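Asker: Here's a structure for you.
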Amino acid sequence: DFIILAGGHVPTQNAFFQDIGLKELLKDYQGVVLGISAGTMNAADRVYVQPEEPGESVPEFNRFAEGLGITNINVLPHYQKAKDYIVDGLHLYKEITCPDSMGKSFNCS
């Protein structure tokens with residue numbers, strides 16, 4: 001009746017969900033799904049894989065991945081904690097996330 005998608009590293013969790021076919025397993029699920037941190041991010045139709053580790057800010061890093069299709073909104077948790085992060089010498093929100101968000105629905109919480 002209740003599934004919790006917990007936190008972690010978004011692309012690692014996303015790959016795991018793909019490997020086990022979680023999207024298909026949840027297709028007819030009628031219970032409640034609660035996403036926490038990366039679990040919330042991976043619940044989207046198309047997941048925004050916000051850079052968090054060194055090397056993830058480069059243009060070659062795939063910042064969008066197929067998600068579970070539970071919501072069409074990209075939720076970016078921990079904004080107050082991460083708003084001033086620097087990844088690979090770039091300001092996470094001003095120089096990476098904001099340009100990536102153009103034309104998309106992002107919700108920072």
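The values are calculated or read from the model by the stated rules, or taken from the named source; none is laboratory data. Everything quoted here is computed from the prediction, not taken from an experiment. Quick reminder, even Gly has a Cβ in these numbers, built from the backbone with ideal geometry, and neighbours come from all protein chains shown. In case anyone asks, the SASA skips ligands and DNA or RNA and just uses the protein heavy atoms, side chains included. Shrake-Rupley method; radii C 1.70, N 1.55, O 1.52, S 1.80 Å.
Asker: Please go through the range 1-34 and pick out each residue that is in a strand (DSSP E or B) and open to solvent by 30 Å² or more (accessible area, probe 1.4 Å).
Answerer: So in the range 1-34, the residues in a strand (DSSP E or B) come out as 2-5, 32-34.
Those that are in a strand (DSSP E or B) and open to solvent by 30 Å² or more (accessible area, probe 1.4 Å): Phe2, Ile3, Ile4, Val32, Val33, Leu34.
Asker: I need a count of the residues in the range 40-54 that are out of contact with any Gly (no Cβ under 7 Å at 6 or more places or on another chain) and open to solvent by 40 Å² or more (accessible area, probe 1.4 Å).
Answerer: The number of residues fulfilling the criteria is 3.
Asker: Which condition does Ser37 not pass, out of (1) over 17 Å from Cys108 (Cα atoms); (2) in contact with a Pro (Cβ under 7 Å, 6 or more places away or on another chain); (3) open to solvent by 20 Å² or more (accessible area, probe 1.4 Å), if it passes all the others?
Answerer: (1)
Asker: Counting just the residues of the range 87-96 that are part of a strand (DSSP E or B) and in contact with a helix residue (DSSP H, G or I) (Cβ under 7 Å, 6 or more places away or on another chain), which one comes out nearest to Glu53 (Cα to Cα)?
Answerer: This residue is Val87.
Asker: Ok, one more. Go through the residues of the range 47-60 one by one and say whether even a single one is part of a helix (DSSP H, G or I) and within 14 Å of the chain's Cα centre (by Cα).
Answerer: Taking the range 47-60 first, the residues part of a helix (DSSP H, G or I) are none.
Scanning the range 47-60 turns up no residue that is part of a helix (DSSP H, G or I) and within 14 Å of the chain's Cα centre (by Cα).
Asker: I'm trying to understand the selection: among the residues of the range 64-105, which are in contact with a Phe, Trp or Tyr (Cβ under 7 Å, 6 or more places away or on another chain) and either loosely packed, with under 15 Cβ neighbours inside 10 Å or more than 14 Å from Arg46 (Cβ to Cβ) (or both)?
Answerer: Matches in the range 64-105: Phe64, Lys83, Leu92.
Asker: Related question: With (1) out of contact with any strand residue (DSSP E or B) (no Cβ under 7 Å at 6 or more places or on another chain); (2) within 17 Å of Ile3 (Cα to Cα) as the list, and Phe61 as the residue in question, which single condition is left unmet?
Answerer: Checking Phe61 against (1) out of contact with any strand residue (DSSP E or B) (no Cβ under 7 Å at 6 or more places or on another chain); (2) within 17 Å of Ile3 (Cα to Cα), the one that fails is (2).
Asker: Please go through the range 1-35 and give me each residue that is without any contact (Cβ under 8 Å) to a residue 24 or more places away in the chain and of a type in the set (Ser, Thr, Tyr), ordered by number.
Answerer: Selection gives Thr12 alone.
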